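Reviewing the structure listed below.
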Amino acid sequence: MTFRRDLALMWGGGGVLAPLGFFLGATMLVPLAMGPERALLQSAGPPLVWIAAALAVLATLERLFQADLEDGSLEQTLLSRAPLEALVLAKGLALWCAVGLPLALAGAPAAIALQAPVERIGVIVVSLGLGMAAFIGVGLVGAAVTAGVKRGGVLIALIVLPFFAPPIIFGSAVAAGEQVGAALAILTGCALAALALGPIAAAAALRLQAE
């Protein structure tokens with residue numbers, strides 16, 4: 001129920017368009033600013049793709065739980081028979097489907113624009129999908145902690161950006177073709193850890209917000 005509602009709200013309200021537009025705009029403009037030199041684009045491109053993806057996800061987090069707190073939906077959620085952790089996870093999965101998956105798929109044209117080898121596009125998209133899961137898992141905690149704070153975007157950034165660093169580092173290694181297997185394994189571990197621990201920490205923060 002929570003998953004379907006949030007997914008419908010994100011798609012119906014056009015919430016996916018702003019982060020997707022930001023990501024594509026940021027990555028597509030880089031070649032214009034840096035020039036056509038292939039070696040330069042190949043060296044600078046992978047981290048730029050990941051930084052743009054992280055910032056695009058960050059922009060979606062501020063209102064993730066704030067609206068529920070303001071309209072009383074959070075209290076109804078706390079009274080539900082379903083564990084709050086499961087409902088938070090469903091909210092995160094909806095965000096991944098509405099924002100994370102399109103951003104991962106948009107990584108294909110972004111990588112091509114940044115002169116990535118064609119044979120590496122598939123693994124870049126897969127790594128971005130894992131990275132989006134890691135970003136969103138951590139982002140759930142930041143969004144829950146700042147749910148009661150007006151315009152808490154800066155505070156969310158301060159909380160979550162240090163935890164965004166490992167996915168960015170290893171995701172950039174995958175995009176650059178450096179020890180792809182090991183980097184993908186660590187990236188998968190980051191995603192699983194964030195999805196396992198993020199909803200638990202976010203649910204605890206939401207309970208504090210509701211008191």
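The values are calculated or read from the model by the stated rules, or taken from the named source; none is laboratory data. Not measured: the values here are computed from a predicted model. Note that each Cβ is placed from the backbone with ideal geometry, even for glycine, and that neighbours are counted across all protein chains shown.
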| query | Applying the selection to region 1-30, what residues are surrounded by fewer than 17 Cβ atoms within 10 Å (Cβ to Cβ), closer than 24 Å to GLN42 by Cα and either small (Gly, Ala, Ser) or modelled with pLDDT under 75 (or both)? | reply | GLY21, GLY25
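Yes or no, residue by residue, for (1) among the small types (Gly, Ala, Ser); (2) in contact with a strand residue (DSSP E or B) (Cβ under 6 Å, 6 or more places away or on another chain); (3) closer than 25 Å to LEU78 by Cβ:
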{"site": "LEU128", "(1), (2), (3)": "no, no, no"}
{"site": "GLY142", "(1), (2), (3)": "yes, no, yes"}
{"site": "THR146", "(1), (2), (3)": "no, no, yes"}
{"site": "ALA173", "(1), (2), (3)": "yes, no, no"}
{"site": "ALA201", "(1), (2), (3)": "yes, no, yes"}
| task | Would you mind stating whether ALA134 is over 17 Å from GLN42 (Cβ atoms), surrounded by 16 or more Cβ atoms within 10 Å (Cβ to Cβ) and in contact with a Pro (Cβ under 6 Å, 6 or more places away or on another chain)? | result | yes
| If you take the residues in region 63-85 that are loosely packed, with under 14 Cβ neighbours inside 10 Å and small (Gly, Ala, Ser), which one is nearest to the chain's Cα centre (by Cα)? | ALA67
| query | Can you pull out the residues in region 44-73 that are farther than 14 Å from PHE164 by Cβ, touching a residue at least 12 places away in the same chain (Cβ under 8 Å) and in a helix (DSSP H, G or I)? | reply | ALA44, GLY45, PRO46, LEU48, GLN66, ASP68, LEU69
| note | Residue set GLY152, GLY107, GLY148; condition of a type outside the set (A, V, I, L, M) and crowded, with 24+ Cβ neighbours inside 10 Å; output residue GLY107
| Applying the selection to region 43-84, what residues are among the aromatic types (Phe, Trp, Tyr) and under 28 Å from GLN209 (Cβ atoms)? | PHE65
| field | Filter pass, GLN115 being over 21 Å from the mean Cα position of the chain (by Cα) and surrounded by fewer than 23 Cβ atoms within 10 Å (Cβ to Cβ) | value | yes
| message | Please verify whether ALA116 is at pLDDT below 95 and not in a helix (DSSP H, G or I), treating the condition exactly as stated. | response | yes
| If you check LEU78 against the conditions, is it within 29 Å of ILE200 (Cα to Cα), assigned to a helix (DSSP H, G or I) and touching a helix residue (DSSP H, G or I) at 6+ places or on another chain (Cβ under 8 Å)? | yes
| query | Being closer than 25 Å to LEU29 by Cβ, in a helix (DSSP H, G or I), out of contact with any Ser or Thr (no Cβ under 8 Å at 6 or more places or on another chain) and not basic (Lys, Arg), is that true of even one residue in region 89-97? | reply | no
| query | Restricting the first residue to region 78-101 and requiring it to be in contact (Cβ under 8 Å) with a residue 60 or more places away in the chain and more than 17 Å from LEU61 (Cα to Cα), which pairs with a second residue that is surrounded by fewer than 22 Cβ atoms within 10 Å (Cβ to Cβ) and among the charged types (D, E, K, R) meet a Cβ separation below 8 Å and a spacing of at least six or different chains? | reply | LEU78/ARG207; LEU84/ARG207
| task | Kindly indicate the residue of region 189-211 that is in a helix (DSSP H, G or I) and more than 18 Å from LEU95 (Cα to Cα) and also modelled with the lowest pLDDT among those meeting that condition. | result | ALA210
| Single condition VAL154 does not satisfy, out of (1) touching a residue at least 60 places away in the same chain (Cβ under 8 Å); (2) within 15 Å of ALA59 (Cβ to Cβ); (3) in a helix (DSSP H, G or I) | (1)
